[in-house]
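First comes the structure, then the notes that go with it.
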Amino acid sequence: MASVLNVEQVSKSFAGNQVLREVNLTVEPGEVLALVGENGAGKSTLLSLVTGLLAPDSGRVVHRGVPVTRAWSPHRARAAGIGSVHQELSLNPHQSVAENVFLGAWPSRHGLVRSRELAARARPLLERVGLDVDPRLRAGRLPLGSLQLVELAKALAGEPRLLILDEVTSALDEDQVAAVFRVVRALREDGGSVIFVSHRMAELFAISDRLTVLKDGAVTATRERDRTDHDDVVHLMIGRELSDLFPPKASGADADAHAVAATTREPLLQVRELTVAGRCAGVDLDLVPGRILGLGGLQGQGQREVLRALFGLARHTGRVTVDGRPARIASPREAIRHRIAYVPEDRKTEGVHTARSVRDNLALPSLRELAPARRLTTVSRGAESRLVAELTERLRIKAASPAQEARRLSGGNQQKVALAKWLPTAPRILLLAEPTRGIDIGTKREIYHLLRRLADEGMAVLVTSGDTMELVGLCDEVTVLYEGSVVDRLSGADLTEERLVRASVTGAATAADTEAAESAGPGAEAEAPVPGPDTSAPGSVAHA
């Protein structure tokens, strides 16, 4: 049987920058191929060649035995049975869910869209992706995870035989990821094929049959899933072992002593009975200088609302003190005055101004300091250039120049910009929501080490993350939320993936569970909320 897709000796450059170097790749019928690599490794460029957005400089792409020509386009690729879903949404928020699913193919009569028929056609597709919403609902009213599933339904409407999923799970909760996996497995069983891209190592090993690794625009290896493991793949991606991902922190007895010492320090920020209507209630937190505190729990348990409340973006009640003094934080301006910085989870709409340059983004929070004699009508270009150069070097932001638009940066570099812009304001309290979502493992490592350095310099850091391994590897303590309330606090030797998962899933403190697990023997493990593999996957569950 002929291969579904052959990429043969393909190379691609942009303005002299070699992005792909003689890449070879094959996708077989009934196969899920994981495409793995850091941001900037060439994955998106390669997929753009397959879907007709770009043409190769040399080499060729062969679809079902037929070489594609310069006339290959996204429309022709879709007509040929290639569907694609990307991390970046392409939906119109002002149109209904059904109108987005069948964009360009609405049933009509006398020039009027037949809305009832359109909704009826959309319902089975929405059910197929596990989305229970009214097809007539305006898309803009849905949360990010649901919108990603609408994108998947839109791709399935074209009845693809080759489905490309590019970081579609980064904003999804466990149930939504499971729904995506059901779609993938059903397509594979029907003889279809999938190219799956994710930075979450657990997902790659759960769903793929083979893994192809890209590094610096070239294929470093293709492995059968059952003949490799996490460490091997990570080493092929970045040349480092998985154990090198997180900065060192105290362990064992030292960790316990470190936790006890932290309780004797005065918190920079203290929260008591924090309540955000309908989302969280009675949350108590202590943000201590030199410590990284994590907010754990399943997605949507109130973590996001806690951060937004502490930055003045969500109306809340409760008592907040900064440096031991009562603080009223009703707006971002007041939060900044208390030297609080916030990096939101949606970097493209809230974290950076994507249409503005890297220079503009990095300088924006510091305009008052950059203005001669504090006159806001002018900015010292020399001071601005020095600031931008310093931040770019400190966080290793990869940009063609400071004038490059932020939307042209990789996701990891956009995240660095979203964080770097706050550093000149000398924040004492740093709030980060999902700081490494959709970011490659190399950039994750850089951000983890930066956060540890900032904490070591005396900053208090609060992090939310849906990645259990990230919370355990990075944080000194994790407060677990369940349905908006604190159910457990883990630190030192108690901060393990098993205990964190148990608290997140059961909504109860884990002491009794841990004793039961210990009595059951060393092999007892918690049931983690990660979609299980088709067959036994090697290595431990981890996200990358």
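The values are calculated or read from the model by the stated rules, or taken from the named source; none is laboratory data. The shown structure was predicted, so the numbers you read here are calculated from the model rather than taken from an experiment. Virtual Cβ from ideal backbone geometry, glycine too; neighbours counted across all protein chains shown.
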* R347 being more than 21 Å from the chain's Cα centre (by Cα), at pLDDT below 95 and of a type outside the set (F, W, Y) -> no
* Asked: Could you say which residue among G296, G278, G302, G324 is modelled with pLDDT under 95 and in contact with an Asp or Glu (Cβ under 7 Å, 6 or more places away or on another chain)?
  -> G324
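Taking the stated definitions as given, is R437 under 21 Å from G412 (Cα atoms), modelled with pLDDT of 50 or more, out of contact with any Leu (no Cβ under 8 Å at 6 or more places or on another chain) and surrounded by 17 or more Cβ atoms within 10 Å (Cβ to Cβ)? Walk me through it before giving the result.
Working: under 21 Å from G412 (Cα atoms): yes; modelled with pLDDT of 50 or more: yes; out of contact with any Leu (no Cβ under 8 Å at 6 or more places or on another chain): yes; surrounded by 17 or more Cβ atoms within 10 Å (Cβ to Cβ): yes.
The answer is yes for R437.
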* Structure fact -> Counted residues in region 115-132 being aliphatic (A, V, I, L, M) and within 24 Å of the chain's Cα centre (by Cα) come to 3
* Asked: Does G300 satisfy the criteria of being buried (at least 22 other Cβ atoms within 10 Å of the Cβ), under 27 Å from E497 (Cα atoms) and not acidic (D, E)?
  -> no
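Here are some residues: L370, L362. Which one is over 21 Å from the mean Cα position of the chain (by Cα), surrounded by 19 or more Cβ atoms within 10 Å (Cβ to Cβ), on the phi < 0 side of the Ramachandran plot and without any contact (Cβ under 8 Å) to a residue 24 or more places away in the chain? Steps first, answer last, please.
On the way: L362 fails: without any contact (Cβ under 8 Å) to a residue 24 or more places away in the chain.
Every option except L370 fails the conditions.
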* To do: Output the number of residues of region 84-96 satisfying the condition of being touching a Ser or Thr at 6+ places or on another chain (Cβ under 9 Å) and at pLDDT 90 or above.
  => 2
* Find all pairs meeting these conditions: Cβ atoms under 7 angstrom apart; at least six residues apart or on different chains; first residue within region 397-422 and outside the structural domain of E88 (by TED's automatic domain parsing) and crowded, with 16+ Cβ neighbours inside 10 Å; second residue assigned to a loop (DSSP other than H, G, I, E, B) and acidic (D, E). => G412/D440
* Within region 67-79, can one find any residue that is crowded, with 19+ Cβ neighbours inside 10 Å, without any contact (Cβ under 8 Å) to a residue 40 or more places away in the chain and under 25 Å from L144 (Cβ atoms)? -> no
* Asked: In region 174-221, which residues are of a type in the set (S, T, Y) and modelled with pLDDT of 95 or more?
  -> S193, S208, T212
* **Residue that is farthest from D209 (Cα to Cα), among those in region 224-253 that are at pLDDT 70 or above and among the basic types (K, R)** => K249
* Structure fact -> Considering region 270-290, residues that are farther than 17 Å from R489 by Cα and not polar (S, T, N, Q), and then whichever is surrounded by the fewest Cβ atoms within 10 Å (Cβ to Cβ), we arrive at G278
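Please determine, by comparing only the residues of region 373-386 that are touching a residue at least 12 places away in the same chain (Cβ under 8 Å) and in contact with a Lys or Arg (Cβ under 9 Å, 6 or more places away or on another chain), which one is surrounded by the most Cβ atoms within 10 Å (Cβ to Cβ).
First, pick out the residues of region 373-386 that are touching a residue at least 12 places away in the same chain (Cβ under 8 Å): 379, 383-385.
Cutting the leftovers down to in contact with a Lys or Arg (Cβ under 9 Å, 6 or more places away or on another chain) gives us 384-385.
Working: E384: 19, S385: 14.
Top of the filtered list is E384.
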* To do: Return the residue satisfying two criteria in turn: it lies in region 103-143 and is at pLDDT below 85 and aliphatic (A, V, I, L, M), and of such residues it is surrounded by the fewest Cβ atoms within 10 Å (Cβ to Cβ).
  => L112
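Yes/no per residue for (1) surrounded by fewer than 19 Cβ atoms within 10 Å (Cβ to Cβ); (2) hydrophobic (A, V, I, L, M, F, W, C); (3) more than 29 Å from the chain's Cα centre (by Cα):
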residue: L35; (1), (2), (3): no, yes, no
residue: G40; (1), (2), (3): no, no, no
residue: S58; (1), (2), (3): yes, no, yes
residue: I82; (1), (2), (3): no, yes, no
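Taking region 423-480 only, how many residues are in a loop (DSSP other than H, G, I, E, B) and either more than 28 Å from A383 (Cα to Cα) or in contact (Cβ under 8 Å) with a residue 40 or more places away in the chain (or both)?
Applying the first criterion (in a loop (DSSP other than H, G, I, E, B)) to region 423-480 yields 426-428, 434-440, 457-459, 465-467, 475-476.
Subset that is either more than 28 Å from A383 (Cα to Cα) or in contact (Cβ under 8 Å) with a residue 40 or more places away in the chain (or both): 426-428, 434-440, 458-459, 465-467, 475-476.
Final tally of qualifying residues: 17.
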* To do: For region 177-190, indicate whether the set of residues that are assigned to a loop (DSSP other than H, G, I, E, B), touching a helix residue (DSSP H, G or I) at 6+ places or on another chain (Cβ under 7 Å), free of Cβ contacts under 8 Å to residues at least 60 places away in the same chain and farther than 24 Å from H75 by Cβ is non-empty.
  => no
* Restricting the search to region 24-59, which residues are more than 26 Å from L187 (Cα to Cα) and in a strand (DSSP E or B)? -> S58, G59
* Could you list, in sequence order, the residues of region 264-285 that are acidic (D, E) and within 15 Å of V480 (Cβ to Cβ)? -> D284
* Asked: Is it the case that I292 is free of Cβ contacts under 8 Å to residues at least 60 places away in the same chain and either under 27 Å from D456 (Cα atoms) or among the hydrophobic types (A, V, I, L, M, F, W, C) (or both)?
  -> no
* Asked: What number of residues in region 150-166 are assigned to a strand (DSSP E or B) and surrounded by fewer than 23 Cβ atoms within 10 Å (Cβ to Cβ)?
  -> 1
* Where in region 290-407 are the strands (runs of 3 or more DSSP E), entirely inside, with at least 3 residues that are in contact with a Cys (Cβ under 6 Å, 6 or more places away or on another chain)? -> none
